[in-house]
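The structure appears below as structure tokens.
The values are calculated or read from the model by the stated rules, or taken from the named source; none is laboratory data. Just so it is clear, the model here is predicted, and its values are computed rather than measured. Positions of Cβ are backbone-derived with ideal geometry, glycine not excepted, and every protein chain shown enters the neighbour counts. Note: areas computed on protein heavy atoms with side chains; ligands, DNA, RNA excluded. Shrake-Rupley method; radii C 1.70, N 1.55, O 1.52, S 1.80 Å.
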Amino acid sequence: MSLSKSDLQKLDTLLSKMESSEDYSNVVSRVKSAYNWMGAKNKATFRVGQTVAFTRKNGDVITGMLVKKNPKYQHVKTDEGTWKVPASMLTAA
């Protein structure tokens with residue numbers, strides 16, 4: 001599920017109403033929790049030997065084979081070498 005433009009506008013409105021650093025800390029905490037949950041869910045869906053893909057910060061999509069699963073990072077072997085990637089960034093290729 002992706003957020004619609006309307007959803008993002010509502011989020012912007014809510015963020016602009018926050019007045020304290022405690023409010024921002026609470027939001028950041030919830031986002032981190034959701035991100036970790038998403039990573040755990042993704043990690044469970046991939047198997048060693050499966051072809052996966054992820055997007056680098058510069059926008060390049062890298063495809064490779066999942067060779068190792070760890071609690072924090074998944075190891076993806078590509079033609080360029082082995083990458084340590086958070087499970088939340090992986091997609092099935």
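Considering only strands (runs of 3 or more DSSP E) fully contained in region 1-91, which possess at least 3 residues that are open to solvent by 70 Å² or more (accessible area, probe 1.4 Å)?
Working: elements: 51-55, 61-69, 73-78, 81-86.
Qualifying strands (runs of 3 or more DSSP E): 61-69.
Taking every residue in region 35-51 that is under 14 Å from residue 69 (Cβ atoms) and modelled with pLDDT of 70 or more and pairing it with any residue that is outside any helix (DSSP H, G or I) and open to solvent by 90 Å² or more (accessible area, probe 1.4 Å), at least 6 positions away or on another chain, the pairs with Cβ-Cβ distances below 9 Å are 48/68.
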